[in-house]
1. For LYS454, LYS429, what's the fewest-to-most ordering of other Cβ within 10 Å of each Cβ?
2. Work through the residues other than ILE315 whose Cβ is under 13 Å from its Cβ and net out their charges, Lys, Arg +1 and Asp, Glu -1.
3. If the chain between GLU477 and LEU497 were fully stretched, how many nm would it gain, using 0.36 nm times the residue separation less the Cα-Cα distance?
4. Between ILE251 and SER403, what is 0.36 nm times their sequence separation minus the Cα-Cα distance? Round to one decimal in nm.
5. Starting from the 7 Å offset along Cα-to-Cβ, what nm value, one decimal, do you get for the label separation of ALA376 and SER308?
6. Using the beta-carbon distance between ASN169 and SER62 and R0 = 51 Å, what value does 1/(1 + (r/R0)^6) give for FRET efficiency, to the nearest 0.05?
7. Taking the Cβ of each residue in MET389, MET43, MET204, MET472 as the centre, tally the other Cβ atoms inside 10 Å and list the residues starting with the fewest.
8. Starting from the 7 Å offset along Cα-to-Cβ, what nm value, one decimal, do you get for the label separation of ASP385 and ALA54?
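Rule-based calculations on the coordinates, nothing more; no lab input. Since we're looking at a predicted model, the values are computed, not measured. Here the Cβ positions follow ideal geometry from the backbone for every residue, glycine too, while neighbour counts run over all protein chains shown.
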Amino acid sequence: MGLLQRPDEVDVIAEIGVALLLFTIGLEFSFRSLIRLGAGVLMGGVTMVLACTAILTGVGVSFGLDWRAAVIIGAAGSLSSTAIVMRVLRQQNELDSVHGKSSLGVLLVQDIAMVPLVLAVSFLASGSGEIGKELGRALWGVAILVLLLVVFVSQVVPRLLDEKIVARNRELPIILAVVTCVGATWAAHELKISPALGAFFAGMLLADSKFSEQMRADVLPLRTLFVTIFFVSVGLLADLSWMAANLPLVIGSTIVVISVKTVATYLAMRPFVRGIIEVLAVAIALSQVGEFSFVLLTIGRDAGVLDSDLFQLVISTIMLTLLVAPVMVSRSLVIARFLAKRLVPARKLARSEREAHPKSIRGHILIIGYGEAGQATCEALTGVDCPTMVIELDPRLVQLAESNGNMAVIGDATSTEFLHEVAHVDQAKVILVTVSDHLVCRRVVSLVKSLAPKVPLITRSRYHVYSLELDMVGADEVVDEEMLVGKQMGDRVRSLLGDEGKKQKKFKWDSDVPYA
């Protein structure tokens, strides 16, 4: 609409958004998370990226595009939107479903693939004569950057994140996360490599830190703000008048891209994911083109490989796929089931459905706080056929919980992002708040019930006067410590008195007897 007169300033802020996005993705990237997803999903993700790139490149060449432009468009089209797919799946509570986990694995592979794709597109855009020189320079830059980050993460971070220091300074992990992200981005820029890759490497190296979960939860609000600005910068790339003048072409290319990506993803994932409906749901959910594609396309445009009309066509197509993405993702299972019933024989479909839904335990017991009360609670729950997850700020108590056989994470239970992203409060069976501090306890109970109103919540109250207050902010059950103490003491007295206590008559008040 022409409201912004200086779009270059928006582009600078947008680069920070991309850097923060890749930094948080790097925090999630670890060999343990890859192993949990399974080799099949990861192989399917790699196959999907290669298949989409090859097919879209072939389509571009068949329409007379230069092979370099076709490869750039194919690479850009192979990526899906992490921001949209993850958000919709989380809102639908489908991240733990078969198609949700498979989509997560493919998205993770795509995010990792950004590293070689950015390098490859940069080499193509620089011209064939400069590929060797550019490759050598990029490899040297990456090696120097990784070396600097390894030294910082291995030598400096452990001293800054000393357990006693963090206990006194709750804000230190988030400050360190932002400084590390911005510093790595600046260093990558100075070394003439992609700044976003610097942020990704920084997050990846911090992923093994004890505070990685809390860092990711703390950075999420900042990431959301800057990524929003990134999408604004994407909107500035579009020419609405050009789009309106070429609307049939844009709609046609959008249908082609969604169809090609759906078919390619289905064929790539079918050998690795059980269940025809589940594979179709993954293919439909990932049929859009993602936000990182704009980064690849901008590199091609700035190098002159993509002319203005071709660039506008691709940008307009991607925007339309993003507009329909929320509906496609949220209705992916419904659409997949509709298509499967009409394309697959009923007997074969029924057999694949049985294979795709093995019996498994769902839900977990979430315990917030691992002090004396939390430890006693976990001990009392020994033998319960349900996974237990402990949230605690003190790293020493987290280590103790893990040594006692519990799944435990360092995190702040007063953080909305942490409760959503890490604790999954809305998917828990029961939530227990064992925090001793009344103000913190009240805040946690209120926040948890606002996020998961249907999940039963049991909390402790150190003093009887606070019990009603905790009940009013949403606790389903309040364990009153003073009432418990009184009952326990009465039971002990009865036990000591034995039969004599049972035979004794009730005391009768006599107002004439002093101190009766």
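1. On the way: LYS454 6, LYS429 14.
The fewest-first ordering by Cβ neighbours comes to LYS454, LYS429.
2. Working: positive: ARG301; negative: ASP239, GLU291, ASP307, ASP309.
Result for the local shell: -3.
3. Numbers: separation 20, 0.36 × 20 = 7.20 nm, distance 3.25 nm.
Result: 3.9 nm gained on full extension.
4. Values: separation 152, 0.36 × 152 = 54.72 nm, distance 5.73 nm.
Result: 49.0 nm gained on full extension.
5. Output for this residue pair reads 7.5 nm.
6. Details: r = 60 Å, r/R0 = 1.17.
With a Förster radius of 51 Å, E is 0.30.
7. Working: MET389 19, MET43 16, MET204 22, MET472 11.
Least to most surrounded, the residues fall as MET472, MET43, MET389, MET204.
8. 4.7 nm
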